[in-house]
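One structure below.
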Amino acid sequence: MVVVKLNKRLPYILLAPSIIILLALILYPLAFALRNSFWFWNLQTSPMPLYHSGWDNFRMVFLVTPFSEALKNSLLLAGLGTFAQFWLGMGIALLLESHLRGMGLMRAVLIMPTTLAPVVAGFLFRYLLEPKGGILPWLLTGLGIPVPPQGFLGNAGTALFSIGLVDTWQWTPFFAIVLYAGLLSINEEIKEAAQVDGASGWRMFWSLTLPLLRPIAAFLVMIRFMQLFNSFDLVYVLTNGGPGTASRTLSFNLYREGLVNYNIGLTAAMTWLVVIIVSVIINLYLFFIFRKREW
Amino acid sequence: MEMRRHTARQKLVIYALMSLVMVFFLGPIFWFILLAFRHPSEAYNLPPELLFEPYLGNFIDTFVDPGNNAPQLVNSLIVSSGATLLSLPFALAAAYALSRFAMRGKEFILNWYISLLIAPPIVFVIPYFILMSRIGWAGSYQAMIVTLQTLAIPFSVWLLKSFIDEVPLDLEEAAWVDGATRLRAFFFIIIPLALPGLIVTSMFTFVFSWNNVLFPLVLSRGSTTTLPVGTISFFASTGVYWGHIAATAVVAMLPPMIIFLLLGRYVVRGLTFGAVKG
């Protein structure tokens with residue numbers, strides 16, 4: 001029957017336009033990077049690739065750019081940032097769940113940091129953290145907490161940590177309101193059943209609430225971990241990867257090599273290294289966390 | 001919703017903690033908005049002054065005279081609306097297919113869309129930069145609008161699917177029984193009933209495009225650059241114009257804030273691509 005046949009093909013016909021445009025938008029850059037990763041090409045000296053250079057670009061990634069340091073920074077930022085945001089968000093979600101007067105309004109305005117463009121959040125904290133005249137160093141000094149003379153963003157030991165703190169400021173509200181929605185969706189009856197069993201508040205949280213929130217939590221953690229791993233905007237505005245290369249992330253390292261130094265060949269090689277690293281992380285995650293998940 | 005009883009002491013602790021939370025998360029925004037109204041010479045005054053004579057010069061310098069930010073505001077509107085409008089037909093077709101048909105590889109396709117959302121955009125942007133100058137699109141609006149689809153389409157597919165999933169299948173089936181074609185049923189049943197979802201999705205896509213900085217940073221030229229990128233130009237080697245940065249940033253942050261307040265209960269759903277229904 002014609003109708004049945006059409007209906008069998010229809011979903012693929014409907015999916016095709018979006019998949020084709022996306023494939024074109026993804027495959028072009030990947031193919032471009034694959035080809036040029038084996039060519040020497042600096043845009044400052046030539047509009048075209050100059051000569052075939054074998055695996056040199058891949059070696060140069062590690063010799064010329066702080067690739068390992070950037071990888072370590074990205075992982076550190078993603079790991080610590082996601083951890084902090086999840087637990088702070090969980091704490092705030094539990095406070096909101098008290099349903100005391102005013103919590104609804106507070107929840108509605110709490111999300112404001114998340115609505116900002118990351119550049120705006122970056123500038124906001126760049127101003128607050130300004131070593132001379134910024135309000136945060138002034139407050140901390142007043143409280144007797146030592147502030148590095150170059151400021152938190154200019155100090156190699158605190159720069160990356162500060163980026164993580166600004167991201168945490170921006171995205172903890174996101175965790176809070178989503179986890180709060182999750183808490184509401186958890187069946188009240190199951191909770192009551194546990195109360196009848198005489199479980200204490202903490203025990204109930206660990207053995208009942210948290211496992212029930214697991215699907216939501218796994219999803220949030222994956223999204224945030226990867227967004228933090230890819231951090232660029234905040235690094236660009238807050239520290240410019242510095243001091244030195246102390247707070248460079250993988251994305252920022254790619255940007256510097258590609259669009260500041262215009263080493264297109266080297267950047268192409270680095271692009272593939274980053275694509276492989278990111279694919280491994282995403283697939284590990286999908287494999288272990290989402291295997292049994294029904295959307 | 002059953003309210004649990006709290007003792008006065010518990011209430012006090014909860015309110016005290018929430019006050020700290022609100023000061024920590026909203027205080028910095030408040031402080032930055034004040035900066036936009038301070039005279040540049042007072043930007044660094046310590047101890048901080050809460051009461052001061054409001055100064056509008058920062059907004060006048062940036063939006064009126066010489067007013068470099070006014071065209072950027074228009075550019076932001078063009079790029080964000082363009083990216084949103086372009087993504088909708090693609091996303092609507094795909095979301096309908098994924099919501100209404102059983103097919104092989106559905107999980108894979110959904111995961112593929114989401115992997116685009118969490119891939120590092122910088123990986124794509126550098127080749128786009130060279131591609132655009134080769135095809136004569138360097139610095140154009142369409143360069144930004146088309147490449148932003150790598151984020152706009154996957155996001156809209158996911159969010160729209162969650163809304164179409166909620167339109168009861170019975171209604172559509174009833175229309176088929178009455179002799180309506182699948183296409184007719186789509187336009188007369190799905191579209192009207194999923195309209196709130198379409199509007200919510202558009203608003204989110206608009207905000208995410210508005211807040212995106214990497215694509216315009218790399219793909220725009222001076223005359224097509226967007227407002228959030230405009231803040232960066234006041235961070236020059238010749239000096240940091242905090243008043244100008246703050247005035248630009250305050251105008252750039254308003255549309256997303258207003259849209260999020262309007263979206264209310266859909267915020268959770270939008271921020272999680274439809275995976276968590278708020």
- Query: Taking R0 as 51 Å, what's the FRET efficiency between A:TYR262 and B:ASP178 from their Cβ-Cβ distance, rounded to 0.05?
  - Reply: 0.20
- Query: If you bin every alpha carbon distance in region B:97-143 into 10 Å steps from zero, what whole percent lands in each bin?
  - Reply: 22, 29, 25, 21, 2
- Quick note on B:THR231, B:THR238, ordering by fewest other C-beta atoms within 10 Å, gives B:THR238, B:THR231
- Over 25 Å [Cα-Cα, region B:168-278], rounded percent: 48
- Message: Tell me the angle of helix B:242-263 to the major Cα principal axis of chain B, expressed in degrees between 0 and 90 and rounded to the nearest ten.
- Response: 30
- Note on the structure: In whole percents, the bins of 5 Å from zero upward hold the Cα-Cα pairs of region A:24-70 as 5, 19, 20, 25, 21, 10, 1
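Do any chymotrypsin sites (Phe, Trp or Tyr not before Pro) in region B:1-98 lie in a loop, going by DSSP, with at most 13 other beta-carbon atoms within 10 Å of their beta carbon, and if so which? Each step should come with its number before you reach the end.
Values: sites: B:TYR15, B:PHE24, B:PHE25, B:PHE30, B:TRP31, B:PHE32, B:PHE37, B:TYR44, B:PHE52, B:TYR55, B:PHE59, B:PHE63, B:PHE90, B:TYR96; in loops: B:PHE37, B:TYR44, B:PHE52, B:TYR55.
Those that pass, being in a loop and sparsely packed, are B:PHE52.
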- Item | For chain B, Kirkwood radius (reciprocal of mean inverse C-alpha pair distance, Å) | 21.9
- Item | Where GluC sites (Glu not before Pro) fall in DSSP loop in region B:24-123, at most 14 other Cβ within 10 Å | B:GLU49
- Task: Before anything else, pin down the relative contact order of region A:67-247: Cα pairs under 8 Å, at least 6 apart, normalised by residue count, whole percent.
- Result: 40
- Query: For the protein assembly as shown, what is the convex hull volume of its Cα atoms per residue in Å³?
  - Reply: 187
- Query: Given 0.36 nm per residue, what is the gain on full extension from B:TYR55 to B:ASN68 after removing their alpha carbon distance, in nm?
  - Reply: 2.8 nm
- Message: Please compute the Kirkwood hydrodynamic radius over region A:45-169, one decimal place, Å, based on all pairs of different Cα atoms.
- Response: 18.3
- Item | Shape category assigned to region A:15-94 from the gyration tensor of Cα positions, a/c cut at 1.5 | oblate
- Query: What FRET efficiency comes out for the pair B:LEU169/A:TRP55, r = Cβ-Cβ distance, R0 = 35 Å, nearest 0.05?
  - Reply: 0.05
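For n ≥ 4 DSSP H runs only, could you compute -39500 (n - 2.57) per run for chain B, divide by its residues and tell me the 222 nm figure to the nearest 500?
Values: 13 runs with 178 residues, N = 278.
About -20500 deg cm²/dmol.
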- Note on the structure: In order over region A:50-65: 3J(HN,Hα) from phi, Karplus 6.51/-1.76/1.60, θ = phi - 60°, whole Hz, x for each Gly or Pro, gives 8, 8, 5, 10, x, 8, 3, 4, 5, 5, 5, 3, 7, 7, 8, 10
- Determine the gain in length on full extension of the stretch A:GLN44-A:MET204; use 0.36 nm per residue of separation and subtract their C-alpha separation, reporting nm with one decimal. 51.4 nm
- Could you calculate the FRET efficiency of A:SER185 with B:PHE188 from 1/(1 + (r/R0)^6), where r is the beta carbon distance between them and R0 is 25 Å, rounded to 0.05? 0.15
- Over all Cα pairs of region A:67-247, the Kirkwood radius sets Rh, and Rg/Rh then becomes 1.05
- Mind pulling the angle between the C-alpha long axis of helix B:69-100 and the longest principal axis of chain B? Nearest 10 degrees, somewhere in 0 to 90. 20
- Task: Please compute the net charge surrounding B:GLY57, taking Lys and Arg as +1 and Asp and Glu as -1 over other residues with Cβ under 13 Å from its Cβ.
- Result: -3
- Query: If you take the square roots of the eigenvalues of the alpha-carbon gyration tensor of region B:47-181 and sort them as a ≥ b ≥ c, do you get rounded (a/c under 1.5), prolate (a/b over b/c) or oblate?
  - Reply: prolate
- Message: Give the average over all directions of the projected area of the C-alpha convex hull of region A:133-194, one decimal, in nm².
- Response: 7.0
- For B:LEU261, put the label point 7 Å out on the Cα→Cβ axis and report which residues of region A:86-121 keep their amide N under 11 Å from it. A:109
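Values in this text are rule-based calculations from the coordinates and carry no lab data. Worth saying up front: this structure is predicted, and the values here are computed from it rather than measured. In this analysis, Cβ positions are derived from the backbone assuming ideal geometry, glycine residues included, and neighbour counts consider all displayed protein chains.
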